[in-house]
Amino acid sequence: MSIDQFEGENRIDQGQGGNLMVHGWPLEQCVVSAHDREILRGLGRRLKELAERPYEQEKKALWIAHNGLKTEQPVIFIDCENGWNEIFPWKEAIQCEGEMAQDWEMWLRKEIYWADTLKDDKVVEAKLYLPYHAVDTRWGIEEERIGDPTKGEAYVWKSPFADMDEEYEELDLSAYIKTPEIHIDWEASNAAFHAAEEVFDDILTVEFRHKWWWSPDLSLSYCNLRGMENMMCDFYDYPDQVHAMMRLFTDGYLAKFDYLEQHGLLPNNCESMYIGSGGIGFTDELHGVPGQVKLMDMWGFNEAQETSEVSPEMVKEFILPYQHELASRFGLNYYGCCEGLDKRWEYVKAAIPRLRRVSVSQWADSRKMSDLLGSDYMYCYKVSPTDIAVPNPDEDYIRKNLHDVLTYCKQNGNIVELLMKDNHTLGHHPANASRWVQIAREEVARVYG
């Protein structure tokens, strides 16, 4: 989409990570008109019909077996991400008038499309997941963003510590970096919740869900505050300051995790929730009770994709000790995002306890990762989104790449999931997404029988 398409009153999908709404609504928006109610209930009834299919329970059982390292064939997951705006252009597709109702409508249409059209292994449920209306204060100091991703724009940022040279070495970072706090507007959050219960009465169950637990992004936080190039040099020039910053970040995340646990705010991500950098969390090894979920009942997630061009030894010294502390709090762990892990795998394996899921990105040697992971970890293969980002995808190319990866993964007994994500565009051809799923299923059948 071009930027001019986002001007005026037009909006875009704000969902993230497997259809998670991340921003709640102020109190004045927490109303649903009779017009919007009728539209939403119709969509809710359709979602309920799909969720009640026996096939959804079969997919749930598939994920439980998969996450337990007990499957022989790959699972398939696609998230169209920004491509959802090409599947459901806001002005053409969204019929509701209220802003909150529009967000719910987009969420419901996506769930239905997953089941009706994409037909991957995502489980759809007769539920609506709402975010809290809240503020995460993060570090108390932020980068200045130029460009607005919430409007479909790319952006760059100015880091508050970027222009410091020698003075950075003497800077008291604790005077600037504060412990993150979560401030929930309960009046607005509960108003949205009760409105949803009224709209979807006898159709869908309504639950709160958030991503405050998701990726304690140590390297991203450092880059945001200090700058990417500076981070790479700081490992060598200012090692003490890097450790000081990582210590503050780690303590801040641990404090936030404790707050969420103590106040019964942790989501039950061992069920249908998107976890890590792809995939669904269903497992029978973790047993969180809604409202009483503990960190050890959850999947944890750590990554350091901003350090992709940093040596494994630097990652071992400056990143992994702190990630070990964070990962130690969770029952099972997912590691990695876009960074290639083949060169640093031995360090990651030693540092992350109860590691189960491992990202195999396009920047990793996928064959080497197949050898390294064997059947002891899940091989979370990130298929290149460029494959379907053009109007006319090269299906022969897509098939060959999938076939090659699946062939050596089968030989090594890998527990594989094929993940198509990070889709900034579908080439303005929405059918590319469902066609990719169909091709992936065909190649799985060819290799695995």
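The values are calculated or read from the model by the stated rules, or taken from the named source; none is laboratory data. As the structure is a prediction and not an experimental result, all values here were calculated from the model. Cβ atoms come from the backbone with ideal geometry, glycine included; neighbour counts cover every protein chain shown. All accessible areas refer to the heavy atoms of the entire protein, side chains included, with ligands and DNA or RNA removed. Shrake-Rupley method; radii C 1.70, N 1.55, O 1.52, S 1.80 Å.
Heavy atoms only, probe 1.4 Å: what % of the accessible area of the range 148-261 goes to carbon and sulfur, would you let me know? Could you put the intermediate results ahead of the total?
Numbers: 2690 of 5430 Å².
Looking at the range 148-261 in its full context, I get 49 percent from C and S.
If the range 151-281 were replaced by its equivalent ellipsoid, with semi-axes equal to the square roots of 5 times the Cα gyration tensor eigenvalues, what would those be, largest first, whole Å? Walk me through the numbers before you get to the answer.
Values: eigenvalues 282, 53, 45 Å².
For the range 151-281, the ellipsoid semi-axes come out as 38, 16, 15 Å.
Taking springs between alpha-carbon atoms closer than 10 angstrom, which of GLN57, GLN411, GLN16 fluctuates most in the Gaussian network model of the chain?
Answer for the Gaussian network model of the chain: GLN411.
Taking Cα centroids, how far is the range 387-430 from the range 221-297 in Å?
Taking the Cα centre of the range 221-297 as reference, the centre of the range 387-430 is 29 Å away.
Note down the Stokes-Einstein diffusion coefficient of the chain in µm²/s, whole number, using a Kirkwood radius over alpha carbon pairs, 4 °C, and 1.567 mPa s.
Estimated diffusion coefficient is 56 µm²/s.
In percent, how large is the relative contact order of the range 331-380, given Cα pairs closer than 8 Å and 6 or more residues apart?
43
So what J values fall out for the range 14-26 if you push phi through Karplus, 6.51 cos²θ - 1.76 cosθ + 1.60 with θ = phi - 60°, rounded to Hz, Gly and Pro as x?
These are the phi-based 3J(HN,Hα) values: 9, x, 9, x, x, 6, 10, 6, 10, 10, x, 10, x Hz.
Considering the options ALA431, TYR448, PHE208, tell which one lies farthest towards the positive end of the dipole of the chain, charges being +1 on Lys and Arg and -1 on Asp and Glu at the Cβ, about the Cα centre.
TYR448
Leaving out ligands and nucleic acids, note down the accessible area per residue over the chain with a 1.4 angstrom probe, in whole Å². Mind showing how you got there, number by number?
Values: 19240 Å² over 449 residues.
On a per-residue basis, the chain sits at 43 Å².
Under unit Cβ charges (Lys, Arg +1; Asp, Glu -1), what dipole magnitude, rounded to 20 debye, does the chain have relative to its Cα centre?
Dipole magnitude for the chain comes out near 1860 debye.
With the dipole of the range 135-250 worked out from charges on the C-beta (+1 for Lys and Arg, -1 for Asp and Glu) around the Cα centre, which of PHE193, CYS223, GLY140 lies farthest toward the positive end?
Result: PHE193.
Karplus couplings for the range 128-133 from phi (6.51 cos²θ - 1.76 cosθ + 1.60, θ = phi - 60°), rounded to Hz, Gly and Pro as x?
Working through the residues one at a time gives 10, 9, 9, x, 7, 8 Hz.
Suppose R0 equals 35 Å. What FRET efficiency, 1/(1 + (r/R0)^6) with r the Cβ-Cβ distance, do ARG367 and ASN190 give to the nearest 0.05?
Details: r = 52 Å, r/R0 = 1.48.
So, using R0 = 35 Å, E works out to roughly 0.10.
So for the range 297-449, averaging the separation of alpha carbon pairs under 8 Å that are six or more residues apart and normalising by length, what relative contact order in percent results? Before the final figure, lay out the partial values.
On the way: 239 pairs, mean separation 29.4, N = 153.
RCO, the range 297-449: 19 percent.
What size of dipole, in debye to the nearest 20, comes out for the range 143-188 about its Cα centre when the only charges are +1 on Lys and Arg C-beta atoms and -1 on Asp and Glu C-beta atoms?
Numbers: 4 positive and 14 negative charges, 76 e Å.
Computed charge dipole of the range 143-188: roughly 360 debye.
What residues have an amide H closer than 5 Å to that of PHE301, excluding those fewer than 5 places away on the same chain, when H is modeled at 1.01 Å from N in the peptide plane?
Amide H to amide H, under 5 Å and 5 or more residues apart or across chains, PHE301 pairs with SER215, TYR334.
Which of GLY227, GLY42, GLY413 moves the most in a Gaussian network model of the chain with Cα springs under 10 Å?
Looking only at GLY227, GLY42, GLY413, the biggest GNM fluctuation is shown by GLY42.
How large a share of the accessible area of the range 316-449, in percent, is made up of carbon and sulfur atoms when the probe is 1.4 Å and the other protein chains stay in place?
C and S fraction of accessible area: 50 percent.
With each run of n ≥ 4 DSSP H residues scored as -39500 (n - 2.57), what mean residue ellipticity at 222 nm is computed for the chain after dividing by its residue count and rounding to the nearest 500 deg cm²/dmol?
Computed ellipticity for the chain at 222 nm equals -12500 deg cm²/dmol.
Rounding to the nearest 20 debye, state how big the charge dipole of the range 124-210 is about its Cα centre with +1 on each Lys and Arg Cβ and -1 on each Asp and Glu Cβ.
About 400 debye.
For the range 25-108, what is the number of Lys pairs with C-alpha distance below 18 angstrom, counting only pairs 8 or more positions apart or on separate chains? Kindly include the intermediate steps, with their values, before the conclusion.
Working: LYS48/LYS59; LYS48/LYS60; LYS59/LYS70; LYS60/LYS70.
Qualifying lysine pairs in the range 25-108: 4.
Before anything else, pin down the relative contact order of the chain: Cα pairs under 8 Å, at least 6 apart, normalised by residue count, whole percent.
On the way: 819 pairs, mean separation 83.7, N = 449.
Relative contact order of the chain: 19 percent.
I need the peptides 350-359, 416-425 ranked by packing, meaning the mean over residues of other C-beta atoms within 10 angstrom, with the highest value on top.
Output ranking for 350-359, 416-425: 416-425, 350-359.
Of VAL405, PRO54, GLY44, which is farthest along the charge dipole of the chain in the positive direction, counting Lys and Arg as +1 and Asp and Glu as -1 at C-beta?
After comparing all options, I get PRO54.
With only alpha-carbon atoms in the gyration tensor, what are the semi-axes of the equivalent ellipsoid for the range 1-102, in Å, largest first?
32, 19, 13
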